[in-house]
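S.K.: The structure's right below; bear with me while I get my questions together.
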Amino acid sequence: MASADPERRDEVEAGEVAGGEEEDTGAQIAPIIRLEEVAVTTGEEEEDVLLDLKAKLYRFDKEGKQWKERGTGNVKLLKHKESGKVRLVMRQAKTLKICANHLVLPSIKMQEHVGNDKSCVWHAVDFSEGELKEEMFCIRLGSVENCKKFKEKVEGVAESLGKNEERESKDVSATAGLVEKLSVGESTSEVTNSASAPAETAEPASTADVKKDETEA
């Protein structure tokens, strides 16, 4: 039965509202488990980034004879600070799973994908799945300019590495030739010294031995 007194009704409603509100005690509840920050390493800490572009990567399936998507993310060219080696690495954007990981060698050849000026195709010995495997990749960049930048950068690195290997090969050959000349020179010197040495002669008989022979005669 509803109350006929408005003031009484207002008091009842005010009491219900006050009872429904939670009282703030100001107490702070500490978490049951304390999580500590953990340093995450990617293996790229000792490398300098030469190139970093967004792209989509495909791998050619030899059995199915078709292109299969490996993932969308950032493709990077990383140069090791000590060894100077350069590798191509690409990780999927959300999971950070590696979908390409191989060295850039002087023999690598970048080719434009037929019918798409935003894509490049190349062969490489890849290690993204934990074992060396020969793969054919196709990468699609966001623009023609980025595709050109990617292609020129990879080819530039490959050419530079090729020149370094050629220079090192020449240095090794020159050093080997110098060592060979030194060896030949030492051998010739030994032969010359041996030929100019005086022959051994019999020692002359002493005067006492000569007189002894004359007495006996």
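The values are calculated or read from the model by the stated rules, or taken from the named source; none is laboratory data. Since the model is a prediction, treat every value here as computed from it, not as a measurement. So basically every Cβ, Gly included, is an ideal-geometry build from the backbone, and we count neighbours across all protein chains shown. What goes into the accessible areas is simple: the full protein's heavy atoms, side chains included, and nothing from ligands, DNA or RNA. Shrake-Rupley method; radii C 1.70, N 1.55, O 1.52, S 1.80 Å.
S.K.: Work out the FRET efficiency for H80 and M136 from their Cβ-Cβ distance, taking R0 = 30 Å, and round it to the nearest 0.05.
M.R.: 0.75
S.K.: Name the residue farthest towards the positive end of the dipole of the stretch 45-120 from the options L78, H102, A55, assuming +1 on Cβ of Lys and Arg, -1 on Cβ of Asp and Glu, about the Cα centre.
M.R.: Selected residue: A55.
S.K.: Around L50, which amide H atoms from residues at least 5 apart in sequence, or from another chain, sit under 5 Å from its own amide H, with H modelled in the peptide plane?
M.R.: Here L77, L78, K79 satisfy the definition.
S.K.: Among the GluC sites (Glu not before Pro) in the stretch 89-149, which ones are in a DSSP loop with at most 13 other Cβ atoms within 10 Å of the Cβ? Mind listing them?
M.R.: In loop regions of the stretch 89-149 (DSSP not H, G, I, E or B), the sparsely surrounded GluC sites (Glu not before Pro) are E129, E131.
S.K.: As a test of reading the structure, rank H113, H123 by solvent-accessible area (1.4 Å probe, protein chains only), most first.
M.R.: From most accessible down to least: H123, H113.
S.K.: Hey, another quick one. Give the peptides 43-56, 78-91 in descending order of average Cβ contacts within 10 Å, highest first.
M.R.: 78-91, 43-56
S.K.: Now, a different point. What's the extension gain from N116 to K65 if we count 0.36 nm per residue and subtract their Cα-Cα distance?
M.R.: Contour length minus Cα-Cα distance gives 16.5 nm.
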